[in-house]
Every structure is written in C-alpha cells, then in structure tokens.
Amino acid sequence: MSNHTATTTGNPEMDFSTVLEAKNAAEDDPAAFDPAQLEADSERSRFCAKLDRVRAVAKNGSLEACHELLRVSFPSTAEANPGTTPAALVYARDLLTCEPPPPDYVMAGLFELGDRVLLVAPSKCRKSFFALQLSACVAAGRPFLGLDVPTPRRVLLVSLENRAAWEQRRLRGICHAGSITPANLGDPCRLAILFCRGKSLSVAEIGTAAAAFRADLVVVDPMYALADAGDEMDQQARREMLQAVARIAAAGPAVILVAHDPKGQAGDRDTRDRGSGSNLVNRAVDATLALTPYGDARDPEADSVVVLSVLARNAPLLPDVCIRFTEGAFILDPGRAPVKATSRNRTQAATPARDFDALRDRATALVSKPMPPGELKQALRSKLLLSKNDAENMATILTTEGGPLTRWACGTYPQTWLVGTADMHRKWQQCSLPSLSSLSSRQEAKEAS
C-alpha cells in the first residue's frame with residue numbers, strides 16, 4: 001500500500017486512504033486529481049498532528065517539555081538558520097501563570113542584552129567618538145550622558161574605519177575626561193577593540209570574535225564597511241546582513257550598528273527615518289541613538305554641540321538633549337535648548353552674529369556730516385560690509401535714545417529726515433533759523449509791494 005502511495009505522490013508517509021478518497025472524488029473529472037496539492041494537504045495534516053501533541057504537553061503546564069517537543073517536531077527552522085532559536089509556539093495561559101524574566105539592561109531603560117541598536121549621525125558629528133565613549137562607559141560601569149549603566153559589561157568594539165593610533169589617542173582623551181583608569185576596565189579587561197581598517201570583515205566573523213571574547217555588547221563602527229553590508233538600497237543584501245546581526249544578538253550580546261545619514265539636513269527627518277539607504281535597518285532595531293547638528297550657529301560653540309535624540313521600542317519617549325564635545329569627550333549641556341539644524345534655520349544659522357557694540361565707533365565715524373538715513377545704511381553696507389538686515393539694525397542702534405546719533409526732520413512738505421551727531425544737529429538749527437533783522441526786512445519789503 002505504501003509503495004503505491006509513493007508511486008502516486010512521491011511521499012511514502014502519505015495515508016493511502018487519503019489518496020483513494022481523492023481519486024474516487026475525481027472519477028468524473030480526472031484533471032481534478034492533483035498529487036502535488038494532495039501532498040501539501042497531507043503535510044498540513046501532519047503539521048496539525050504535531051501541534052496536537054504539543055498542545056497536549058502544554059496543557060499539563062510543562063513549558064520546558066513543550067519547548068523540547070517543539071524543537072524535535074519542527075527542526076527545519078534551526079536547520080535553515082543555524083545559530084538561531086527555533087520558532088516556539090507558547091500558549092498565553094502559560095505566559096500568565098509564570099513571571100517573566102527581569103530585563104537585563106545594558107543601559108537602564110534603553111536597551112538590554114540581545115537588543116539591536118542603531119547609532120546614526122551625519123558627517124562631522126563625531127559619532128565615532130560617541131561610540132568609543134559609550135563603549136568605555138559600559139565597560140567601566142559608568143553613567144553615559146545621563147543614561148545609567150547598571151553593571152560593567154564586556155564590550156567588543158569593531159573599528160572598521162579608524163587607524164589604531166587614532167583610536168588610541170581618542171580613547172586616552174575620553175578616559176582622561178571621564179576619570180576612567182585601566183583598573184576601572186577590569187582585569188582581564190572588559191573592553192577590546194578589533195582593528196580592521198581596510199580589511200573585509202563579515203558579520204559572521206564578528207559573531208565568532210564576540211563569542212570568543214564572551215562579549216555583552218558589540219559595537220560595529222561603521223556599518224557600511226562590513227563585507228556583507230551590500231549597497232545601501234539593496235534590500236535583499238540588507239535583509240541578509242540584518243539576519244546575521246540577529247544571530248549574534250540571539251546568542252546573547254546587544255549589538256550597536258553605527259551608520260551615517262544621507263546628504264541634506266538630518267534635522268528635517270524623523271528619528272524613525274534616519275540613516276541612508278533602505279529603511280530596513282531602522283525598522284529592525286530595538287533602539288535608536290541619533291545625533292543632529294545644533295541649529296543655532298550664531299552660538300560661538302555651535303560646532304562642538306549636537307542634539308541627542310533617543311528612541312527605544314520598549315521605553316517611553318525621552319526628550320532631546322544637547323551634548324557638547326569638550327576636552328576630548330562629550331558632556332551634557334542642559335543650558336542649551338535642543339534646537340536641531342534644519343533646512344528652515346540653515347540660512348539664518350549660517351550667518352555669524354554681528355557684534356554691534358564693537359562696530360559702534362566705526363559706524364559713527366562714517367557720519368562726517370548730516371545725511372539721510374538711507375545714505376547712512378548704504379555707507380554701513382559698503383564700508384563695514386554689513387548685510388541689509390544688519391545695516392538696518394545698526395542704524396537703529398545708532399539713532400535710538402542714548403545712541404551717538406540723532407534724527408531730525410527738515411522742511412514742511414515733503415518732510416525729510418537727516419541723521420547726524422547732536423553737535424551737527426545744533427549747527428544745522430543755527431544755520432536754518434533766520435535772524436530777526438532779516439525777518440523784519442522781508443516783512444517791510446512785502447508790505448511795500
């Protein structure tokens with residue numbers, strides 16, 4: 001009987017009665033008999049039978065036995081994806097009758113072991129300094145920019161872009177600024193750096209190194225330099241890379257991927273949509289750390305300030321904060337409003353602030369005689385190279401009450417205005433007022449006529 005079944009369908013495990021029943025039903029229409037469809041239906045039947053066995057075990061409340069039966073009954077998942085945990089079917093009743101394991105945070109309230117994190121920033125925001133400082137703080141068990149590190153962790157930093165000498169100088173500056181000594185990093189040391197500049201390194205090889213080091217946190221800087229990162233817009237390559245990253249995270253450690261923003265203003269995009277290329281990475285991570293250029297370049301320290309945005313899948317939304325790079329490391333800068341640079345404030349921010357007090361004497365010296373306000377503004381623009389708006393502001397400052405210049409009207413209609421010093425104004429009044437003798441002479445001449 002089984003031989004006949006195998007000849008008909010190619011599956012010796014298929015129940016012959018199922019085949020016979022299907023043939024009888026298709027006597028009037030031979031084309032309706034589809035062995036491939038019949039085999040698929042039989043596969044579903046066996047799948048349901050396996051689930052029934054799992055359901056019977058789970059009904060007794062033995063979650064461990066249920067997991068073991070799932071592993072034996074459905075081995076294909078583990079075979080197709082080596083190093084991953086097989087898919088597990090668990091009943092909600094079992095989840096409600098036992099306590100979940102407590103979160104094992106790498107950074108309190110942000111991400112824990114096994115999570116995937118994206119660190120993204122445009123060029124020149126010092127994201128590699130940020131990643132290195134984060135790694136040192138996690139290894140030493142020190143708070144990082146206001147984020148608590150509950151316990152020291154073993155950290156593997158994969159440096160794919162920076163030379164060893166550069167990284168050493170940066171690390172020494174960061175540890176000096178944070179008072180982190182070699183003793184704080186443990187013995188054996190909890191922070192290891194894998195220098196792979198110019199080398200082709202795959203995610204699987206990083207996973208091997210992470211397992212050998214027994215890492216709790218793996219930081220990959222930058223993501224684009226991975227051998228299997230693929231083109232930014234190649235979704236299939238990115239999907240395969242993320243699956244490999246997921247296998248590292250499934251083994252225990254958290255993984256931080258350092259990525260860059262595309263051209264344009266990063267502040268114009270939502271934190272959820274940061275990063276260049278396919279948005280698969282943004283959707284696959286459990287938390288995002290985004291650095292954005294500071295939006296007020298009139299601030300003399302604007303180049304050293306960035307806005308830090310934190311977005312976590314399993315945590316409430318945190319407010320943006322300003323951080324400032326000084327003496328080789330980032331520090332919190334709560335005194336500044338977290339204003340991001342956008343396309344709207346870019347033009348305004350690009351114009352440096354004018355020190356009008358310093359220009360006051362030079363601007364006053366331009367007025368050698370009474371002149372119309374428009375002529376004064378033109379002189380400010382041509383002689384002091386002020387913009388139109390700055391010339392307007394400078395003229396207002398010079399002629400307001402208490403300023404070195406004054407404005408006065410001359411004539412009746414049309415009335416015009418002049419600008420000059422107080423001394424110029426007095427002399428103008430004296431020259432403009434006719435004497436009493438000249439007034440009487442004019443009156444006599446008028447009456448005689």
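Since every read-out is calculated from the coordinates, none of them should be taken as a lab result. Small disclaimer: the values here were computed from a predicted structure and weren't measured. With ideal geometry, Cβ positions are generated from the backbone for all residues, glycine too; neighbour counts draw on all protein chains shown.
Overview of results
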{"item": "FRET efficiency for residue 320 and residue 165, using Cβ-Cβ distance with R0 set to 51 Å, rounded to 0.05", "result": "0.90"}
{"item": "Segment residue 98-residue 214, length gained on full extension (0.36 nm per residue, minus Cα span)", "result": "38.8 nm"}
{"item": "FRET efficiency for residue 400 and residue 369, using Cβ-Cβ distance with R0 set to 22 Å, rounded to 0.05", "result": "0.55"}
{"item": "Residues in the range 293-321 that a label on residue 342 would reach, taking backbone N under 19 Å of a point 7 Å out along Cα→Cβ", "result": "293-299, 306-311, 318-321"}
{"item": "Net charge of Cβ neighbours under 10 Å - reference residue 230; Lys, Arg +1; Asp, Glu -1", "result": "-3"}
{"item": "Theoretical FRET efficiency, 1/(1+(r/R0)^6), r = Cβ-Cβ of residue 303 and residue 239, R0 30 Å, to 0.05", "result": "0.20"}
{"item": "Listed peptides 258-267, 90-99 by packing density, highest first (mean Cβ within 10 Å)", "result": "258-267, 90-99"}
{"item": "Protection-proxy order for peptides 113-119, 234-240, each taking the mean of Cβ atoms within 10 Å per residue, highest first", "result": "113-119, 234-240"}
{"item": "Restraint check, 124/388; 124/263; 263/340; 127/263, Cα-Cα greater than 20 Å", "result": "124/388"}
{"item": "Virtual spin-label span in nm between residue 357 and residue 251, 7 Å along Cα→Cβ", "result": "6.1"}
{"item": "Euclidean distance between Cα centres, the range 279-320 to the range 186-234, Å", "result": "23"}
